[in-house]
Amino acid sequence: MEKIVILTGAGISAESGLGTFRDEGGLWAQHRIEDVATPEGFARDPALVHAFYNARRVQAAKAEPNAAHTALARLQRHWPGEVVLVTQNVDSLHEAGGARNVLHMHGTLAGALCAACGHRWAAPPEMTVGQPCPACAAPTGRPDVVWFGEMPYHMDSIYDHLAEAGIFAAIGTSGQVYPAAAFVHEAAMAGARTVELNLDPSSGASSFDQVILGPATETVPAWVDQLLAG
Ligand code: BV8
């Protein structure tokens, strides 16, 4: 049975109340990317970066998964083949909605990382500047998220999955951040059928065989029902 590979972005969590990046009034309208989502920004002003992620960590912890998150978990449970869920999101709403083995290619708000020794631990709700590492005690704790210019996580396994995909779906992403924005081309080269489910056509919409427009809480459950109905 065909392997389904799904890439999600901030749009799938929008109806759970979490801000997207590039929509009207989104996160990038409130903060400059280079100040809060780059290693240079963190080195320059760690307090600003911790404040940015602390606010999102606290908000994400209060958010509930929505019908799109739970529909993808249902697809994982009932699809006879493998369903690989890759997300650019750093919230844990896919897991809260019942999904398993989610590949967080941009890291997670729930994780903390030691910039000195690479040790990872569960982030406290609010991280502070000079957060000591539980393993090496260096004051170099940072959010375990992938900033611009840093290597996304799980790239080897993601490319392996894309090479075997029969169906590739991109859900709630503007298709402006690489390497995620190029996954549709990898999947198409492997012969996958490609579909985009988004509120508005993304910048990569023309690369997809099919584009389904609308809010994820409506389009994703309907898409899953149609897949499972065979
Ligand atoms: C890398 C951190 C090397 C965590 C993020 C010049 C040209 C091309 C590329 C580059 C370039 N210069 C630099 C680069 C590389 C750079 C890049 O792509 N820059 C872009 C801006 C040009 N990329 C990198 O640096 C990456 N690393 O390249 O390393 C490498 C290369 C190949 C292989 C290995 C290594 C690192 C990128 C990761 C950066 N970190 N976040 C955090 O703070 O969250 S990126 C950030 O953007 C988030 O992770 C977010 O997930 C991601 C993508 O945004 P989206 O999820 O798409 O969200 P957005 O708001 O944009 O869109 C929301 C969409 O939802 C919209 O389309 C909207 O219509 C839709 N929507 C809204 N509501 C709904 C909805 N859809 C459905 N229902 C709704 N209700």
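Readers should treat all values here as calculations from the given coordinates under stated rules, not as data from a laboratory. Treat the numbers as computed from the prediction; the structure is a model and nothing was measured. Please note: Cβ atoms are built from the backbone with ideal geometry, for glycine as well, and neighbour counts cover all protein chains shown.
Taking the Cα centre of region 53-95 as the origin, how large is its charge dipole in debye, to the nearest 20, when only Lys and Arg (+1) and Asp and Glu (-1) carry charge on their Cβ atoms? Working shown, then result.
Values: 5 positive and 4 negative charges, 25 e Å.
Roughly 120 debye, rounded to the nearest 20.
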Using 0.36 nm per residue of separation minus the Cα-Cα distance, give me the extension gain between residue 156 and residue 206 in nm, one decimal.
15.4 nm
In whole angstrom, how long is each semi-axis of the equivalent ellipsoid of region 146-201, when you take the square root of 5 times every eigenvalue of its Cα gyration tensor and sort them from largest down?
19, 17, 8
Using the Cα centre as the reference, give the magnitude of the dipole from point charges on the C-beta atoms of region 134-230 (Lys, Arg: +1; Asp, Glu: -1; all else neutral), rounded to the nearest 20 debye.
140
The chain: antiparallel DSSP beta bridges as a percent of all, rounded to 5:
25
Cα lying deepest toward the dipole's positive end in region 110-230, options 212, 147, 201, charges on Cβ:
147
Let me check the size of region 61-219 from its C-alpha atoms; what are the radius of gyration and Dmax in Å?
17.2, 51
With x for Gly and Pro, the residue-by-residue ³J(HN,Hα) of region 32-44, computed from phi through the Karplus equation 6.51 cos²θ - 1.76 cosθ + 1.60 at θ = phi - 60° and given in whole Hz, is 7, 3, 5, 8, 10, 9, 9, x, 5, x, 5, 5, 6
Nearest-20 debye value, the chain charge dipole, Cβ charges on Lys, Arg, Asp, Glu:
460
What net charge is computed for the residues neighbouring residue 174, neighbours being all others with C-beta under 15 Å from the C-beta of residue 174, Lys and Arg scored +1, Asp and Glu -1?
-3
Take 154, 161, 106 and order them by how many other Cβ atoms sit within 10 Å, fewest up front.
154, 106, 161
Below 8 Å, C-alpha to C-alpha, sequence gap of six or more: please give me the relative contact order for region 1-80 in percent.
27
Two pseudo-spin positions, 7 Å from Cα along C-beta at residue 137 and at residue 222, lie apart in nanometres by 6.0
The chain: relative contact order in percent, alpha carbon pairs under 8 Å with at least 6 residues between
23
From zero outward in steps of 10 Å, how is the percent of C-alpha pairs of region 126-230 spread across the bins?
13, 33, 28, 14, 11, 1
Treat region 92-143 as a sphere of radius equal to its Kirkwood radius over Cα pairs and apply Stokes-Einstein at 10 °C in a medium of 1.306 mPa s; give the translational diffusion coefficient in µm²/s, rounded to a whole number.
133
Given the DSSP H assignment, sum -39500 (n - 2.57) over each helix run of at least 4 residues in the chain and divide by its residue total; what's the result at 222 nm in deg cm²/dmol, nearest 500?
-9000 deg cm²/dmol
How many angstrom lie between the C-alpha centres of region 192-230 and region 1-15?
9
Under 5 Å from the placed amide H of residue 197, counting only residues 5+ away or on other chains, we find 170, 171, 172, 212
What are the principal axis extents of the Cα atoms in region 1-153, in Å, biggest first?
48, 38, 28
